[in-house]
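Undergrad: Here's a structure for you.
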Amino acid sequence: MVDVTGISVRYFAAAADAAGCTKETLDLPATADLGQVKDLLLAKYGPDMQQVLSVSAFLVDSELTRDLTRTAGAQVDVLPPFAGG
């Protein structure tokens, strides 16, 4: 049996638009990696999220990463490129 935990996901800018919300909790195994988070988001939100995730980075434990093999942990922020400065 796989231990399922809630991973808190926060969305910013275009990611929030694609998800239709700014945060949610995903039910994934405690050992889930960012690839599994991405796959679930693509299945849930489709082409709009695909476009956003193709250029996004993830913030995990205060570390910005694009490494989909990294363990997601308790909270993941989806950070698309931001305009402005």
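Undergrad: Taking amide hydrogens as modeled 1.01 Å from N in the peptide plane, which residues meet the under 5 Å criterion relative to ASP33, leaving out close sequence neighbours?
TA: ALA72
Undergrad: At 1.4 Å probe size, with the rest of the protein present, what percent of the exposed accessible area of the chain is carbon and sulfur atoms? All intermediate terms of the calculation are to be shown ahead of the outcome.
TA: Working: 2580 of 4950 Å².
Ligands and nucleic acids excluded, carbon and sulfur give 52 percent.
Undergrad: Then there is this: Dimensions of the range 5-77 along principal axes (Cα, Å, largest first)?
TA: 27, 22, 18
Undergrad: Could you work out [θ]222 nm for the chain from helices alone, using -39500 (n - 2.57) per DSSP H run of at least four and dividing by all its residues? Round to the nearest 500 deg cm²/dmol. Spell out each step's value before the answer.
TA: Values: 3 runs with 25 residues, N = 85.
Estimated from H runs of four or more residues: -8000 deg cm²/dmol.
Undergrad: Determine the sum of side-chain charges near THR22: Lys and Arg each +1, Asp and Glu each -1, restricted to other residues whose C-beta is under 11 angstrom from that of THR22.
TA: Values: positive: ARG10, LYS23; negative: ASP17, GLU24, ASP77.
Net of charged neighbours comes to -1.
Undergrad: If you count only protein heavy atoms with a 1.4 Å probe, what accessible area per residue comes out for the range 5-77, rounded to a whole Å²? Intermediate values should be presented prior to the final figure.
TA: Details: 3860 Å² over 73 residues.
For the range 5-77, the solvent-accessible area averages 53 Å² per residue.
Undergrad: Also: Note the angle between two axes, namely the Cα long axis of helix 34-45 and the longest principal axis of the Cα atoms of the chain, as a number of degrees from 0 to 90, rounded to the nearest 10.
TA: In the chain, helix 34-45 runs at an angle near 70 degrees to the longest axis.
The values are calculated or read from the model by the stated rules, or taken from the named source; none is laboratory data. These numbers come from a predicted model, not from an experiment. When we count neighbours, we look across all protein chains shown, and the Cβ atoms used for this are built from the backbone with ideal geometry, even at glycine. The accessibility values were calculated without ligands, DNA or RNA, using every heavy atom of the protein model including side chains. Shrake-Rupley method; radii C 1.70, N 1.55, O 1.52, S 1.80 Å.
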